[in-house]
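The values are calculated or read from the model by the stated rules, or taken from the named source; none is laboratory data. Here the structure is a predicted model, which is why all the values come from computation and not from measurement. Every residue, glycine among them, receives a Cβ derived from its backbone with ideal geometry; neighbour counts consider all protein chains shown.
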Amino acid sequence: MRKRAARMAIGVAVVLALLLVMPGAGSAADSKDSGLQKAMKSFVQAMVRKDSNGILAAFSQRNPWRFVGYEIGTGRPLESKMVSFAQMSRDFRARKGWYHFFFDDPNGYTFRINFGKGEVWKRRGTTYARSSGDRSVRHYIKWRQEGGKWVIAEIGDTSP
């Protein structure tokens with residue numbers, strides 16, 4: 001009986017030791033998860049600071065992202081368009097177009113209103129959403145991995 005208990009204790013110790021020394025054991029999902037959280041946190045901080053370089057860093061330089069505008073009250077999609085990194089960069093430099101979407105002061109209908117102090121973005125899979133309590137209001141950011149980095153794939157926003 002003592003021999004059996006001793007063997008079990010040794011077996012448990014060996015398994016625990018292997019888990020501690022194996023590189024990456026159980027950390028692939030954790031790393032992916034924390035990478036997405038870090039990307040969202042960096043994007044939120046860039047929005048709060050109105051940091052154009054930080055905002056641009058959240059987007060792919062090679063592949064466009066999708067903007068989907070929704071109607072308040074119905075939640076019906078009003079528009080959907082693909083936006084390139086080059087277009088955003090030009091607009092930011094010229095302070096037109098997408099510059100206003102990301103940088104204008106909140107007036108109740110700008111995307112910027114979602115980044116006030118204490119606003120919580122809830123995660124579901126690779127999407128972060130900000131709930132207003134009204135199901136017809138949609139504010140979300142979908143992310144995708146590209147070249148080992150998380151980039152914004154789609155932004156949904158409610159428009160008047």
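One line per residue, one yes/no per condition, for (1) touching a helix residue (DSSP H, G or I) at 6+ places or on another chain (Cβ under 7 Å); (2) among the β-branched types (Val, Ile, Thr); (3) assigned to a helix (DSSP H, G or I); (4) closer than 20 Å to ARG95 by Cα:
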position	(1), (2), (3), (4)
ASP33	no, no, yes, no
GLN37	no, no, yes, no
MET40	no, no, yes, no
ALA58	yes, no, no, yes
ARG62	no, no, no, no
TYR70	no, no, no, no
GLY73	no, no, no, no
LEU78	no, no, no, no
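If you scan the stretch 55-74, which residues turn out to be closer than 19 Å to GLY147 by Cα and surrounded by 15 or more Cβ atoms within 10 Å (Cβ to Cβ)?
Selection gives ILE55, LEU56, ALA57, ALA58, PHE59, SER60, PRO64, TRP65.
Out of the residues in the stretch 141-160 that are small (Gly, Ala, Ser) and within 18 Å of ARG123 (Cβ to Cβ), state the one that is nearest to the chain's Cα centre (by Cα).
Applying the filter and picking the extreme gives ALA153.
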- prompt: Mind checking whether some residue in the stretch 146-157 is part of a strand (DSSP E or B), at pLDDT below 95 and surrounded by 13 or more Cβ atoms within 10 Å (Cβ to Cβ)?
  reply: yes
Complete set of residues in the stretch 101-145 that are hydrophobic (A, V, I, L, M, F, W, C), surrounded by 13 or more Cβ atoms within 10 Å (Cβ to Cβ), under 19 Å from VAL48 (Cβ atoms) and modelled with pLDDT under 95: PHE101, PHE102, PHE103, PHE111, ILE113, PHE115, TRP121, ALA129
message: For the condition among the hydroxyl-bearing types (Ser, Thr, Tyr), within 16 Å of TRP150 (Cβ to Cβ) and modelled with pLDDT of 90 or more, what is the one hit in SER52, SER84, SER42?
response: SER42
- prompt: Can you find a residue in the stretch 45-57 that is under 21 Å from SER159 (Cβ atoms) and of a type in the set (Ser, Thr, Tyr)?
  reply: no
field: Close pairs from the stretch 58-72: first at pLDDT 95 or above, partner part of a loop (DSSP other than H, G, I, E, B), Cβ under 7 Å, at least 6 apart
entry: PRO64/SER84; TRP65/PHE59
